[in-house]
Amino acid sequence: MAETRATTVPDRSAVRSLLRLWPYVRSVRLRLFTAAFVAVLASCTGLVIPLVLKWMVDGPVADRDTAGVWLGALFLLLLGFAEALLFGLRRRLVARPLAHVEAEMRAELYGRLQRLPVAFHDRWASGQLLSRATADLGLVRMFLAFPLTFLLVNSVTIVVGVVIMLLQDWRLGLVILGPAIPVVVMCVYFERRYAVEARRAQDQVGDLTTVVEESVLGIRIIKGFGRHRTQARAFRELTSTLRGTELRKARLLATIWAVIVTLPELAIGAALVLGAVQVADGELSAGTLVAFLSTALALRWPVDSIGFLLAMSQEAATATERYFEVMDEEPERDCVVRSEPSPDAGLRFDGVVFRYPDADPGSRPTLDGVDLHVRPGESMALVGATGSGKTTLTALVPRLHEVTAGRITLDGEDVATLPREELRARVAVAFEEPTLFSASVGENVLMGADDRAGAVELERALAVAQAEFVHALPQGADTQVGEQGLSLSGGQRQRLALARAVVGRPRFLVLDDPLSALDVHTEAAVEAALRQVLADTTALIVAHRPSTVLLADRVALLSGGRVAAVGTHHELLRDNAEYAHLMSGTGRQEDDR
Ligand SMILES: Nc1ncnc2c1ncn2[C@@H]1O[C@H](COP(=O)(O)OP(=O)(O)OP(=O)(O)O)[C@@H](O)[C@H]1O
Ligand SMILES: [Mg+2]
């Protein structure tokens, strides 16, 4: 899981990370710019208020002109109104487009996850992917809605405000500006550390998600073995680690905030004393001091908020990095050059070598030179000890993994050069672990066929797989099966997976131990029906039981990463000791005939 961890590159730049969001934001840029402009306008409206105050204090108040004071008050009211209205408008402008940006990014992430190779999913914990699709994208949207605009707005406001103050009285202005340098230095230092903690927290949320997901999916095991305490302890440990990280984040933020709030506050205090002395000496008008101080106070919020706006930006930056770690992964590619088909029909493995990408480089490959030819229309059983690589070999045919060396051809065409869509239309698969999706039974089965297939094909496939139990379900084939078909028995799920494999009448069929959960009678019935389907289909069927093996025309024995022998069941039984041993039932509670 090393890949899912933060590799804190020293020269990582939050800005560079955030700039990668631009393609997604492009489509809403006009609205974002308008919103930022409106917010700048609103903020600067606020800065006019001190100037009106100055006019009031030096003019109507000094002259005891009541009408003038009322006029000033009315003006102030209008300014306040305008400011509120503009800020409201900004919010309206951005809310909807930003929700759209988030949805689009999430959809692209989902699409990418679907197209990434199985090897990627083997490597990444699902919780890490889940948290990227949910929590991290939420942070990104927050950033676009708030810090992105307000970092700009506040900077403009601060600059305008400082210019106004310098124009009022440059000496007081310099007093206020004094703490700027230490504040900036402190900010840079703390934000860096904050980014590290933010990334750590996000990774920990991913780990936590993985634990939650595993305990929900594995609830039967946990309960069955009374492991809920251990599981709860693991969960508690992770949450307390996460809590520690969040607390460190909070402490860092508190420190930044303390610096950002205290230093300017001290400066304002100093300016107040200095200004009062100047007013007493008659060097400064009271109105100017009022305007100066109220400008300084108006800048308090823009300055104070910079701390957490930067913190939010850092979090968004690390979230963006996490997002792009997935998006930057290479999806499955199609070869552009299609090989010339050779006249060689059927399914052929030529010197196929395969090593799992995460396997120890020095170790022997799982498959180490497999040569096998399944003739057209033939059904070949694949037999081998557990862990010998049968599942691995079957997964290579639909290219769930890419061969390390050698090649696999379907009717003479190299699977590596077939467009994936065409390849997967030609080859149907059913795996050991039958997965059903949250959909109706019919939809689950028809996934195996193209869109034209309907009720007739469905019925035929259900009949082949001896899945007539479907008709006894409350809504027949329209019955919804739950997450992973939990409400069905293992054998029922296997039969639906088998029905899915045969519904599209594929030219090539790859079945990984498809009947292991069935009782002998059902198995025999499935076999009889399969024989009819298999008549014109080239099939490779992983089998453990002699009963399943007998269904096949020939048998291949996988041993030591190679096909050690090929022949009929009886030939192998007679000539091959390992095969005879595998089929004899010692070690496995097989052979129920
Ligand atoms: N994703 C993976 N990454 C690394 N190694 C794997 C992976 N999947 C399987 N292996 C290893 O490859 C070897 C072959 O596994 P495979 O699942 O192909 O065996 P099998 O013949 O199907 O066994 P069984 O009869 O128990 O189903 C095993 O040693 C296993 O540990
Ligand atoms: Mg297997």
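The values are calculated or read from the model by the stated rules, or taken from the named source; none is laboratory data. What you see is a predicted model; the values in this text were computed from it and never measured. For neighbour counting, all protein chains shown are included, and Cβ atoms are generated from backbone atoms with ideal geometry for every residue, glycine included. Side chains are part of the model used for accessible areas, which takes the heavy atoms of the whole protein and leaves out ligands, DNA and RNA. Shrake-Rupley method; radii C 1.70, N 1.55, O 1.52, S 1.80 Å.
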Please state which of the following conditions Leu113 fails to meet, knowing it meets all the rest: (1) touching a helix residue (DSSP H, G or I) at 6+ places or on another chain (Cβ under 8 Å); (2) over 30 Å from Ala359 (Cα atoms); (3) hydrophobic (A, V, I, L, M, F, W, C); (4) modelled with pLDDT of 90 or more. (2)
Tally time: how many residues in the range 542-587 are surrounded by 16 or more Cβ atoms within 10 Å (Cβ to Cβ) and assigned to a loop (DSSP other than H, G, I, E, B)? 8
Failed item, numbered, when Arg248 is tested on (1) surrounded by fewer than 19 Cβ atoms within 10 Å (Cβ to Cβ); (2) assigned to a helix (DSSP H, G or I); (3) more than 40 Å from the chain's Cα centre (by Cα): (3)
Where a residue in the range 532-543 is more than 16 Å from ligand 1 (Cβ to nearest atom) and its partner, wherever it lies, is β-branched (Val, Ile, Thr), with Cβ under 7 Å and at least six apart: Val533/Val464; Val533/Val502; Thr538/Val374
Matching residues, the range 348-373, being buried (at least 19 other Cβ atoms within 10 Å of the Cβ), more than 29 Å from the chain's Cα centre (by Cα) and within 15 Å of ligand 1 (Cβ to nearest atom): Phe349, Val352, Thr366, Leu367, Val370, Leu372
When the residues of the range 388-420 are narrowed to those that are polar (S, T, N, Q) and more than 16 Å from ligand 2 (Cβ to nearest atom), which ends up farthest from the chain's Cα centre (by Cα)? Thr409
In the range 107-125, anything more than 16 Å from ligand 2 (Cβ to nearest atom), farther than 20 Å from Leu19 by Cβ and either open to solvent by 50 Å² or more (accessible area, probe 1.4 Å) or of a type in the set (Asp, Glu) (or both) is listed as Ala107, Tyr110, Gln114, Arg115, His121, Arg123
Picking from Glu578, Glu590, Glu571, Glu527, which residue would you name as being at pLDDT below 85, away from ligand 2 (no atom under 16 Å from the Cβ) and not hydroxyl-bearing (Ser, Thr, Tyr)? Glu527
Given (1) surrounded by 12 or more Cβ atoms within 10 Å (Cβ to Cβ); (2) over 19 Å from Val175 (Cα atoms), number of the condition Glu237 does not satisfy: (1)
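Here's the yes/no breakdown for (1) closer than 23 Å to Leu284 by Cα; (2) of a type in the set (A, V, I, L, M, F, W, C):
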position	(1), (2)
Met165	yes, yes
Leu174	yes, yes
Val184	no, yes
Val188	no, yes
Glu197	no, no
When (1) open to solvent by 40 Å² or more (accessible area, probe 1.4 Å); (2) modelled with pLDDT of 85 or more; (3) not β-branched (Val, Ile, Thr) are applied to Ala180, the one that fails is (2)
Filtering the range 503-518 down to residues that are within 16 Å of ligand 2 (Cβ to nearest atom), in a loop (DSSP other than H, G, I, E, B) and hydrophobic (A, V, I, L, M, F, W, C) yields Leu515, Ala517
Is it true that Val57 is open to solvent by 30 Å² or more (accessible area, probe 1.4 Å) and assigned to a helix (DSSP H, G or I)? yes
Inside the range 519-531, the number of residues satisfying the requirement of being in contact (Cβ under 8 Å) with a residue 12 or more places away in the chain and either in a strand (DSSP E or B) or among the hydrophobic types (A, V, I, L, M, F, W, C) (or both) is 6
Restricting to the range 183-200, what's the tally of residues that are over 30 Å from Leu297 (Cα atoms) and either surrounded by fewer than 20 Cβ atoms within 10 Å (Cβ to Cβ) or at pLDDT below 85 (or both)? 1
With the requirement that a residue be of a type in the set (A, V, I, L, M), touching a residue at least 60 places away in the same chain (Cβ under 8 Å) and closer than 16 Å to Arg562 by Cβ, what does the range 375-412 give you? Met380, Leu382, Val383, Ala385, Leu393, Ile408
Residue satisfying condition, being away from ligand 1 (no atom under 16 Å from the Cβ) and within 30 Å of Ala395 (Cα to Cα), within set Gly173, Gly161, Gly138, Gly127: Gly127
Between Leu137, Leu78, which is assigned to a helix (DSSP H, G or I) and more than 21 Å from Gly206 (Cβ to Cβ)? Leu78
Quick check on my filter: what residues within the range 382-420 are crowded, with 20+ Cβ neighbours inside 10 Å, hydroxyl-bearing (Ser, Thr, Tyr) and more than 13 Å from ligand 1 (Cβ to nearest atom)? Thr409
Quick one: how many residues across the range 507-526 are within 16 Å of ligand 1 (Cβ to nearest atom) and either open to solvent by 10 Å² or more (accessible area, probe 1.4 Å) or under 34 Å from the mean Cα position of the chain (by Cα) (or both)? 7
Among the residues of the range 134-177, which ones are of a type in the set (A, V, I, L, M, F, W, C), open to solvent by less than 40 Å² (accessible area, probe 1.4 Å) and farther than 17 Å from Ser305 by Cα? Leu137, Val140, Ile164, Met165, Leu172, Ile176
